[in-house]
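> Take a look at the following structure, please.
Read-outs throughout are calculated quantities, based only on the coordinates presented, and are distinct from any laboratory measurement. In this text, all values refer to a predicted model and were calculated from it rather than measured experimentally. Positions of Cβ are backbone-derived with ideal geometry, glycine not excepted, and every protein chain shown enters the neighbour counts.
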Amino acid sequence: MDVYLREFGYLAIFILTFLEGETILIIAACMASKGLLNIYLVTLSAVAGTVMGDQTYFYIGRIQGISFIQKRPKLKLKWIRISALIERRENVIIFAYRFVYGFRNLTPFALGILNINAMKFLILNVIAASIWATSFSILGYTFGGMIRNDIETYEKVFAMGILFITVLAAFIYWLKKRIKNEPILPS
């Protein structure tokens, strides 16, 4: 397990923080506190992943945003609320959205649609991502230092948790598709 962790751990952190990432960052920092990963590389991987993810969502919003939102009425309501908030507090939103659960993926998309200055977004994004990654790395590293039990036990529990979540998500997806395709009243 250590070999795979050392070989692919930083790449996994990059990819997962590209998508979201608080949980994986805390877990990786816990592992760094046990000497399995380097805390500086964990933090750097998280900064790189989150900046790249947010920049990607920003440019997708810039290029495809309005047409994407127009086709989705539920998303359009969220878009109206978040765009009004952004227009009132643009700098604060750019700096702080990653710290509010559930806003991380939609906000850069919305910022791209609103034609926020790309360089301004990049600079604030890098600063905020650095603070975010450092904060969660310190939290995870500190928490990991407090754990006195063998890390292998936690790795096994984590692996089983990932497996359980994957199976549960697949089941929910299957069930949702199944329910969606069945008629409400029997014929």
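> Pop a pseudo-label 7 angstrom from the Cα along the beta-carbon direction at both ILE63 and THR23 and give the gap in nm to one decimal.
Taking the simple label geometry, ILE63 and THR23 are separated by 3.0 nm.
> Going by average Cβ density within 10 Å per residue, which order do the peptides 46-52, 10-16 take, highest to lowest?
Working: 46-52: 22.7, 10-16: 18.3.
Result, highest mean Cβ count within 10 Å first: 46-52, 10-16.
> Now, a different point. State, to one decimal in nm, how far the label point of GLU87 lies from the label point of ILE165, with both points 7 Å from Cα in the Cβ direction.
The modelled label-to-label distance comes out at 3.7 nm.
> Which order do peptides 137-144, 74-81, 101-108 fall in by mean Cβ count within 10 Å, highest first? Provide the component values of the computation, followed by the final result.
Details: 137-144: 18.5, 74-81: 12.6, 101-108: 16.9.
The packing order, highest mean first, is 137-144, 101-108, 74-81.
> Taking the alpha-carbon set of the stretch 2-147, what are its Rg and Dmax in Å?
In order Rg, Dmax, the Cα atoms of the stretch 2-147 give 16.5, 49 Å.
> Grab the beta carbon distance between THR142 and PHE99, set R0 = 22 Å, and tell me the FRET efficiency rounded to 0.05. Don't skip to the end; give the middle numbers.
Working: r = 18 Å, r/R0 = 0.82.
Using R0 = 22 Å, I get an efficiency of 0.75.
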